[in-house]
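Written out below as structure tokens is the structure these notes cover.
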Amino acid sequence: METPGSQTSLHRANLERVVRAVRMAGSLTQAEIARSTGLSAATVSNIVRELKDGGTVEVTPTSAGGRRARSVSLSGDAGIVIGVDFGHTHLRVAIGNLAHQVLAEESEPLDVDASSAEGFGRAEQLVNRLVETTGIAPGKVIGVGLGVPGPIDVESGTLGSTSILPGWTGINPGQELAGRLGVPVYVDNDANLGSLGELVWGAGRGVKDLAYIKVASGVGAGLVIDGRIYRGPGGTAGEIGHITLDESGPVCRCGNRGCLETFTAARYVLPLLRPSHGPDLTMDRVVQLAREGDPGCRRVIGDVGRHIGSGVANLCNLLNPSRVVLGGSLAEAGELVLGPIRDSVSRYAIPSAARQLSVLPGALGGRAEVLGALALVLSEMGDSTLLESTAPAASPAFT
């Protein structure tokens, strides 16, 4: 029996500390593990040897700073995680292992607004199909990350805004999908998962604090502080789409006037161009035309960028992030939108808050949210469960 403060409990805590560091980074040298955990090099070496013998980690030769080193990553057999991303027009599923390798990924069109039952049914089918085609034993699945396009109420686990997904009123997405798949499901909104995806795999690598801005049917921000998503007590942190820009502006779906969303979201922007560019215009097409030199689309993209920059400036003054990543299709406009964002930040943010800020396009495109769903499982799963599931003669985590 482990008792608090005993050598056994201390050793167990150190094991979990090393596993957690490797789990979140994907792979680390032993020297990097020592720096990130505060453990001595000798302690790390002994723990890595024990974890390797138990099948929890794999060790491969590498180099660091011109010197030979050993790279430590979680074993590809240690467990499988699944990411599910519901967008307003698509369903995307990815399967990965604990070494941050994506094993399979697929997407298909889906009108998520229409019916939650249809959405969950399609997600269950797609997950099962990918698991079967990759030959993964179901008992190896440790958990599922689920992204939805709306804020999640922290206390109830239900969607916090029925105006975004009216067909999902009263639905607890995590419970619904967990009941279908039989494994733990971790849920968050798409902006938060986008921030996590870019932090682990994309434009946010190397920093511990960033804001991920997603502009689509609404506007949201995923906030990462000290390497972890900040949600706030009610789960609505990052709703920058409802910062007021003009008290006499258009009425927003939230009931206020002149919110940032009413100047930047697709539902408000596209009507400005449809009289001249046709009724079937989409934001993807606007971005494409802007890149090709269309003056009207360039003007609209520039205006959207300046408005987003006003919201980003507020974030800078409040949270002082070191990096802002623009996601969604709007990021494909490149400097046509990023330049105006930086101009507004320079104008409205206090100099000390903007001095070290970098504004970058997302590196993952439409994959950011589903990869963030994988990263959500990696960040939320317990290290004790992982150690037990990979110990010699252990049973699979779930059956």
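Take every Cα pair under 8 Å in the chain that's 6+ residues apart, average their separations, divide by the length, and report that relative contact order as a whole percent. Before the final figure, lay out the partial values.
Values: 780 pairs, mean separation 67.3, N = 399.
It comes to 17 percent, rounded to a whole number.
Gap in Å between the Cα centre of the range 115-158 and the Cα centre of the range 356-377?
What the calculation gives is 19 Å, centre to centre.
Would the chain count as rounded, prolate or oblate if I go by the C-alpha gyration tensor, calling it rounded below 1.5 in a/c and otherwise prolate when a/b exceeds b/c, oblate otherwise?
In terms of gyration-tensor shape, prolate.
Let's see if you can work this out: charge +1 on each Lys and Arg Cβ, -1 on each Asp and Glu Cβ, no other charges. What is the dipole magnitude of the range 7-74 about its Cα centre, in debye to the nearest 20?
140
By counting other Cβ atoms within 10 Å of each Cβ, how are Val215, Val93, Val207 ranked from fewest to most? Display every interim value, and only then the final one.
Working: Val215 28, Val93 25, Val207 16.
The order, fewest Cβ neighbours first, is Val207, Val93, Val215.
So who's got an amide H within less than 5 Å of the one on Tyr230, skipping anything under 5 residues away but keeping other chains? H placed 1.01 Å off N, in plane.
Amide H neighbours of Tyr230: Leu223, Val224, Ile225.
Between Leu74 and residues 5 or more places away or on another chain, which pairs have amide H atoms under 5 Å apart, with H built 1.01 Å from N, and which residues are they?
The list, which skips near neighbours in sequence, is Glu58.
Sorted from fewest to most neighbouring beta carbons within 10 Å, what does the list Ile225, Ile213 look like? It would help to have the intermediate numbers written out before the result.
On the way: Ile225 14, Ile213 30.
The order, fewest Cβ neighbours first, is Ile225, Ile213.
Please report how far the C-alpha centroid of the range 181-239 lies from that of the range 49-101, rounded to the nearest whole angstrom.
Taking the Cα centre of the range 49-101 as reference, the centre of the range 181-239 is 20 Å away.
When a footprinting reagent is the concern and you count Cβ atoms within 10 Å, what order do Trp168, Trp201 take, fewest first? Show your work: numbers first, answer last.
On the way: Trp168 25, Trp201 21.
So the ranking, lowest neighbour count to highest, is Trp201, Trp168.
Assuming a ≥ b ≥ c are the square roots of the Cα gyration tensor eigenvalues, decide whether the range 135-230 counts as rounded (a/c under 1.5), prolate (otherwise, with a/b larger than b/c) or oblate. Please report the intermediate quantities before stating the final value.
Numbers: a/c = 2.16, a/b = 1.14, b/c = 1.90.
Here the range 135-230 falls in the oblate category.
Going by amide H atoms built from the backbone, whose H comes under 5 Å of the H on Ala64, apart from near neighbours?
Amide H neighbours of Ala64: Ala69.
Laboratory data are not the source of any read-out in this text; all were calculated from the coordinates shown. Source: prediction; values computed, not measured. Cβ coordinates were reconstructed from backbone atoms using ideal geometry, including for glycine residues, and neighbour counts include every protein chain displayed.
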